[in-house]
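Structure first, then comments.
The values are calculated or read from the model by the stated rules, or taken from the named source; none is laboratory data. None of these values were measured; they are calculated from a predicted model. Glycine gets a Cβ as well: all are built from the backbone with ideal geometry, and neighbour counts include every protein chain shown.
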Amino acid sequence: MDKVTTIKSRTVVLPVENVDTDQIIPARFLKATSKAGLGSKLFADWRFAADGAPKADFVLNQPAAAGAAVLVAGDNFGCGSSREHAPWALCDYGFRAVVSTSIADIFRNNSLKNGLVPIVVDAATHARLLAAPGVEVTVDVAAQTLTLPDGTKAKFPIDPFARYCLLNGVDELEFLLSQEAAITAFEAKR
Amino acid sequence: MFEKIWDAHLVRAASADTPAILYVDLHLVHEVTSPQAFTWLREKGLKVRRPERTVATMDHSTPTTPRGRDGRIPVLDNAAATQIAALEKNCADFGIELHALGTKGQGIVHVIGPELGLTQPGSVIVCGDSHTSTHGAFGALAFGIGTSEVSHVLATQSLLQNPSKTLAVTVDGKLRPGVTAKDLVLAVIARLGIGGGTGHVIEYRGSAIRALSMEERMTVCNMSIEAGARAGMIAPDDTTFAYLKGRPRAPTGAAWEQAVAAWRQLPSDEGATFDREEKLDASALEPMITYGTNPGMGIPISAAVPEPANPTAAKALKYMGLEAKQPLLGHKVDVVFIGSCTNSRLSDLRAAAGVMKGRRVADGVRVLVVPGSQQIKAAAEAEGLDRVFREAGAEWREAGCSMCIAMNGDQLSPGQYAVSTSNRNFEGRQGAGGRTFLASPLTAAAAAITGKITDARELT
C-alpha cells in the first residue's frame with residue numbers, strides 16, 4: 001500500500017444517505033478476477049443511462065468534479081454488501097477519502113486496506129461541507145484533522161494501527177505474518 | 001456470549017498500538033470475493049495456513065438454469081466461467097475442499113455451512129460476504145470480511161479486529177399464525193433503521209427467539225447486516241444441538257457429548273449487560289413488506305406508504321414509483337423470487353408450496369423458486385415440492401444466489417416489480433432499474449398466485 005499522509009483536494013458532494021455498495025459498484029461488475037479498471041464502473045447506474053451515455057445531472061459527470069479526491073456523502077455511507085470492489089472502484093476513479101457522519105463497518109475496514117481514508121465528522125462540519133460543494137479541504141492523517149477553507153479543523157477518529165499503516169504504507173498482512181509464533185502457540189494450546 | 005467467544009479466540013489481546021488478533025475456526029470461500037486474494041498469496045509466495053479450516057463453494061455468479069442432457073449446468077457467461085475456473089484452480093492448487101457447480105454439496109455458502117455441520121456454536125466464522133451473519137444462529141461469532149481480509153485469513157488463519165459493541169434485541173411473546181421469522185427480522189430492521197446497528201453485534205433473545213427453529217433463526221441472523229450490525233447471534237440450546245447432531249461434520253460419540261457440554265456454557269450469563277437494548281413484542285407483529293430502497297424501509301403489509309422524512313426517502317419512493325399514503329396491498333407484481341441465503345431452506349419452500357398447492361400462478365407473472373443448495377433441492381423433490389411449484393406454473397431452478405444478486409443471468413428488467421424473499425431491495429439490486437418488495441415466502445407465494453401484493457392469510 002502507498003503511504004497516505006496528507007490529502008489536499010476539492011470536494012465532490014453526493015447528498016444521499018445510506019449509499020450502499022451496490023450503488024458504488026453494481027454486482028454485475030464483480031465478475032472480474034482482478035481489481036484493475038473498476039473506476040470506470042463506479043456508481044455505474046447513477047452515472048450512465050442504459051445506453052451508456054453519461055447522465056448530465058449526476059455530480060461526477062459535472063466539470064467541477066474533475067480531479068476531486070474527497071467524496072462527501074450522506075449518513076451511513078457504504079452499507080450493505082462486503083464487496084471490496086467498492087473501495088477499489090473509488091480508489092481507481094481517483095478518490096482518496098470519503099467523508100460522512102457515519103460509515104458502515106465492513107466498508108470502513110476495506111477502505112483502510114486500500115489507502116482510502118474513511119472520515120467521520122460531526123453533523124455541523126458535515127452540514128457545512130454539504131452546503132458548499134467543491135471547497136478545498138485538507139486531510140491530515142497524522143493529526144486526524146480535516147481542515148475547511150476558513151481554517152476550521154474537524155477532528156476525525158481513526159484506529160491507531162490503521163493510522164500507522166496509512167502513514168507508513170504498511171500492509172496489515174505483513175504485520176499478521178510477523179505474528180506467526182503467537183498464532184502457532186495459540187493453535188498448540190487449543 | 002460475544003465476549004466469551006471473543007476471549008476464547010484471542011491469539012493476542014489488543015495493545016495501545018494494535019488491535020486484537022482473533023483466530024478463525026472456519027473460513028468459507030466463494031468465487032466472487034476470493035480470486036484477488038489467491039493472486040496476492042501467489043505473488044507473495046504464501047500458502048494457505050489451514051486448508052482444513054477452509055471450505056469453498058460457488059453460488060454468486062453461477063447460473064441456476066436447468067441442467068443440460070449431459071447432467072451439467074451450462075455456464076454461458078464468459079466472465080462467470082473464468083471466475084468459476086479460477087476458484088477450481090485456486091482450490092486445487094492450495095488444497096481446499098470445494099463444492100463445485102453441479103456437485104451434490106454445492107449451494108449458497110451460508111446454506112451449506114450449517115447443512116454440513118461445519119457451522120458450530122462458539123466458533124469464529126468468516127467469509128467474504130456480508131451475510132456471514134447467518135451462522136450466528138448457532139451461537140457462533142460470524143461476520144463478513146473484504147477480499148484483503150480473505151487473504152489475511154488464508155495466509156494466517158487470523159484477523160486483526162477491534163471488538164464491537166453489543167446490542168440485545170429481545171423479542172418476547174408469540175408470533176401469530178402467518179407471521180414468520182422473516183417478518184420478525186424485517187420489523188427489527190425497521191425499528192433499528194439501516195444504519196442503527198453499525199458498530200454492534202446483535203444478540204437476539206427472548207421467548208419468541210427461543211421458539212424459532214434453526215432455519216428460522218438463520219433467517220433472523222442473516223439480515224442483521226441489513227441494520228448495519230456486524231453480526232447477529234442466538235444462544236445455542238437444545239434446538240441447536242438437535243439440528244447439528246448427526247450432520248457430516250458435527251462431532252460424534254464422546255466428542256459430541258464434550259462439545260455439547262462446552263456449548264451449554266456459551267449463553268450470556270444471567271444479568272449480562274449490553275451496550276444497548278431494544279425490545280419487541282412478537283404478538284403485535286404483522287406480515288412485513290418493504291416499500292423503499294433499503295431493508296429498513298419496511299411496514300406491516302396492510303399499512304400505507306409513509307410520508308418521506310427526507311430527500312433520500314423521497315428519492316426512494318420516486319425510484320419505486322410509489323406515492324406516500326398509498327396502500328401496498330393490491331399493487332401489481334411482475335416477478336416473484338423465492339430463494340437466497342435468507343429464505344431458500346426446506347421450511348421456506350414448504351411454506352411457499354403450501355400456499356401454491358393446487359393453484360395457478362397469475363397470468364403474466366414470472367415465478368422463480370431457487371433452492372439454497374443441491375441437498376435442499378433433492379429433499380424438496382423427494383417430497384414433491386418441485387411438482388407443486390411446476391404445476392402452479394413456477395420455474396424450479398438449480399441452487400445458487402440467483403436473483404438476490406442478479407449477476408448470474410437471473411434478473412429483473414428495468415421497471416419490473418418483484419416480491420422477493422431475499423435480503424436487499426437496493427436500487428438495481430435485482431437487475432438495473434428493477435424494483436423490489438422484500439417479504440416472507442408466504443407473502444411471495446401469495447403474490448405469485450394473485451399477481452398483486454397480497455396478505456397470504458386472506459388468500460381464499
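Can we say residue B:445 is hydrophobic (A, V, I, L, M, F, W, C), within 18 Å of the chain's Cα centre (by Cα), surrounded by 24 or more Cβ atoms within 10 Å (Cβ to Cβ) and on the phi < 0 side of the Ramachandran plot?
The answer is no for residue B:445.
Sort through B:426, B:437 and tell me the only one that's part of a strand (DSSP E or B) and either at pLDDT 95 or above or β-branched (Val, Ile, Thr) (or both).
Going through B:426, B:437 in turn, just one is part of a strand (DSSP E or B) and either at pLDDT 95 or above or β-branched (Val, Ile, Thr) (or both): B:437.
Residues are listed down the side, and each one gets a yes or a no for (1) touching a residue at least 60 places away in the same chain (Cβ under 8 Å); (2) surrounded by fewer than 21 Cβ atoms within 10 Å (Cβ to Cβ):
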{"site": "B:151", "(1), (2)": "yes, no"}
{"site": "B:170", "(1), (2)": "yes, yes"}
{"site": "B:176", "(1), (2)": "yes, yes"}
{"site": "B:191", "(1), (2)": "yes, yes"}
{"site": "B:199", "(1), (2)": "no, yes"}
{"site": "B:204", "(1), (2)": "no, no"}
{"site": "B:210", "(1), (2)": "no, yes"}
{"site": "B:219", "(1), (2)": "yes, no"}
{"site": "B:222", "(1), (2)": "yes, no"}
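Within region B:11-39, can you find the residues that are within 8 Å of chain A (Cβ to nearest Cβ) and farther than 22 Å from residue B:134 by Cα?
Those that are within 8 Å of chain A (Cβ to nearest Cβ) and farther than 22 Å from residue B:134 by Cα: B:11, B:12, B:16, B:17, B:18, B:19, B:21, B:35, B:36, B:39.
In region A:30-53, what count of residues is obtained for those that are out of contact with any Pro (no Cβ under 9 Å at 6 or more places or on another chain) and more than 19 Å from residue A:95 (Cα to Cα)?
So the answer is 6.
Which residue out of B:259, B:242, B:231 is over 19 Å from residue B:164 (Cβ atoms) and within 14 Å of another protein chain (Cβ to nearest Cβ)?
Unique residue meeting the criteria: B:259.
Filter region A:1-14 down to the residues that are of a type outside the set (Val, Ile, Thr) and either over 30 Å from residue B:415 (Cα atoms) or in contact with a Pro (Cβ under 7 Å, 6 or more places away or on another chain) (or both) and list them by number.
Result: A:1, A:2, A:3, A:8, A:9, A:10.
Can you list residue pairs whose Cβ atoms sit under 6 Å apart, with the first residue in region B:69-89 being more than 11 Å from chain A (Cβ to nearest Cβ) and the second being among the basic types (Lys, Arg) and surrounded by fewer than 18 Cβ atoms within 10 Å (Cβ to Cβ)? Count only pairs 6 or more apart in sequence or on different chains.
If the second residue must be among the basic types (Lys, Arg) and surrounded by fewer than 18 Cβ atoms within 10 Å (Cβ to Cβ), the pairs left are B:73/B:67.
So which residues in region A:20-46 are more than 7 Å from chain B (Cβ to nearest Cβ) and either among the hydroxyl-bearing types (Ser, Thr, Tyr) or surrounded by fewer than 17 Cβ atoms within 10 Å (Cβ to Cβ) (or both)?
Residues satisfying the conditions are A:21, A:36, A:37, A:39, A:40.
Is it the case that some residue within region A:133-151 is of a type in the set (S, T, N, Q) and within 13 Å of chain B (Cβ to nearest Cβ)?
Checked region A:133-151: no residue is of a type in the set (S, T, N, Q) and within 13 Å of chain B (Cβ to nearest Cβ).
Residue pairs, Cβ under 9 Å, 6 or more apart or interchain, first in region A:173-185 and in contact (Cβ under 8 Å) with a residue 40 or more places away in the chain and more than 8 Å from every other protein chain (Cβ to nearest Cβ), second in a helix (DSSP H, G or I) and surrounded by 12 or more Cβ atoms within 10 Å (Cβ to Cβ). List them.
Going by the 9 Å Cβ cut-off, there are no qualifying pairs.
In this structure, is residue A:109 modelled with pLDDT of 95 or more, out of contact with any strand residue (DSSP E or B) (no Cβ under 7 Å at 6 or more places or on another chain) and outside any loop (DSSP other than H, G, I, E, B)?
Yes, satisfied.
Give me the pairs: first residue in region B:130-143 and assigned to a loop (DSSP other than H, G, I, E, B), second residue among the polar types (S, T, N, Q), beta-carbon distance under 7 Å, and six or more apart or on different chains, which are they?
B:139/B:240; B:140/B:119; B:140/B:120; B:140/B:123
Looking at this structure, is residue A:26 farther than 30 Å from residue B:81 by Cβ and modelled with pLDDT of 95 or more?
no
Name the single residue, out of those in region B:224-256 being in contact (Cβ under 8 Å) with a residue 12 or more places away in the chain and aromatic (Phe, Trp, Tyr), that is surrounded by the most Cβ atoms within 10 Å (Cβ to Cβ).
Looking at residues that are in contact (Cβ under 8 Å) with a residue 12 or more places away in the chain and aromatic (Phe, Trp, Tyr), I get B:243.
Taking residue B:392 as meeting all but one of (1) closer than 25 Å to residue B:109 by Cβ; (2) away from chain A (no Cβ under 13 Å), write down the number of the exception.
All conditions pass for residue B:392, except number (1).
Considering region B:50-104 alone, what residues qualify as being of a type in the set (Gly, Ala, Ser) and surrounded by 21 or more Cβ atoms within 10 Å (Cβ to Cβ)?
Within region B:50-104, B:56, B:61, B:80 qualify.
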